[in-house]
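To keep things clear, I will list the structure first and then write my remarks on it.
The values are calculated or read from the model by the stated rules, or taken from the named source; none is laboratory data. What you see is a predicted model, and the numbers here were worked out from it, not measured in a lab. With ideal geometry, Cβ positions are generated from the backbone for all residues, glycine too; neighbour counts draw on all protein chains shown. To get the accessible areas, we keep the full protein, side chains included, count just its heavy atoms, and leave off ligands, DNA and RNA. Shrake-Rupley method; radii C 1.70, N 1.55, O 1.52, S 1.80 Å.
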Amino acid sequence: MGDPLSADFVEAVAGFATGVVVLTVRDGRDDLGTTITSFMSVSLDPPMVLASVASSSYLTEVLRRRPRWAATILSASQRALAGRFAAEGRPGARILLASEPHHRGEHSGALVPDSGVSALECETRREVEAGDHTLFVAEVVSTDYVSAGRAPLVRAARRYLTA
């Protein structure tokens, strides 16, 4: 990371506003999750999304074994939840969601926070290595819920913003 181009790149993309998503997956008896800001829709027919996860993470290892997972697009009221799922050395998703209303996705078995803008259950169709991240291209198998009236949580310039 000592390369000046890398430092400039980090600064350049930090100003790009993105939505905030909590990605969760059930791995046997354990539940894992993380906050991601590299998430996007890639196709309407079939409905597909892309999620970017650090290749060196344990979550990437689990996603390679467990193709079904959930993505919750967080609402502006979920800033603290985003921070908990982004923290280094964080505990499992069950502990992080213990004080939040949540349920298990019908198709993925993943934990899904209830108060987001929307939640999708997904099944990985393709993995693409992209530098230090793995891109998981997934088909949406279920729209768990949509709460159109909720404002989204947005991140820009290394801060969470509310709409």
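In the neighborhood of residue 43, defined by Cβ-to-Cβ distances under 14 Å, what is the net charge if each Lys or Arg adds +1 and each Asp or Glu adds -1? Walk me through the intermediate numbers first.
Working: positive: 125, 126; negative: 45, 123, 139.
Taking every other residue near residue 43 into account, the sum is -1.
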Open item on the list: At 1.4 Å probe radius, can you tell me the per residue accessible area of the chain in Å²?
Closed with: 53 Å²
Open item on the list: Output wanted: per-residue J couplings in Hz (rounded whole) for segment 91-96, from phi through Karplus 6.51 cos²θ - 1.76 cosθ + 1.60, θ = phi - 60°, x for Gly and Pro.
Closed with: x, x, 4, 4, 5, 5
Task: Rough spin-label spacing in nm, given labels placed 7 Å along Cα→Cβ, for residue 90 and residue 44 - done: 3.2 nm
Task: √(5λ) per eigenvalue of the Cα gyration tensor, the chain, largest first, Å - done: 23, 19, 17
Task: For residue 17, net neighbour charge (Lys/Arg +1, Asp/Glu -1) across residues whose Cβ lies under 14 Å away - done: +3
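Using the Cβ atoms and a cut-off under 13 Å, what net charge is assigned to the surroundings of residue 120, where Lys and Arg are +1 and Asp and Glu are -1?
On the way: positive: 68; negative: 106, 121, 123, 139, 144.
Net of charged neighbours comes to -4.
Round to a whole number: what % of the accessible area of the chain belongs to carbon and sulfur, probe 1.4 Å?
On the way: 4650 of 8570 Å².
Its accessible area is 54 percent carbon and sulfur atoms.
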- [ ] Quick one: what are the phi-derived ³J(HN,Hα) couplings along segment 121-126, Karplus 6.51/-1.76/1.60 with θ = phi - 60°, whole Hz, x for glycine and proline?
- [x] 9, 10, 10, 4, 10, 7
TODO: Multiply the residue gap between residue 56 and residue 103 by 0.36 nm, knock off their C-alpha separation, and tell me the result in nm, one decimal place.
DONE: 14.1 nm
Task: 3J(HN,Hα) from dihedral phi, segment 43-53, Karplus parametrisation 6.51/-1.76/1.60, rounded to Hz, x for glycine, proline - done: 7, 9, 9, x, x, 9, 10, 10, 10, 10, 10
- [ ] Counting other Cβ atoms within 10 Å, keep those with at most 12, restrict to DSSP loop, and tell me which GluC sites (Glu not before Pro) in segment 85-155 are left.
- [x] 88, 106
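State, as an integer percentage, the relative contact order of the chain based on alpha-carbon contacts under 8 Å between residues 6 or more apart.
Details: 357 pairs, mean separation 45.7, N = 163.
Relative CO of the chain lands at 28 percent.
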Open item on the list: If you build the convex hull over the alpha carbons only and average its shadow over all orientations, what do you get for segment 1-53? Give it in nm² to one decimal.
Closed with: 5.8 nm²
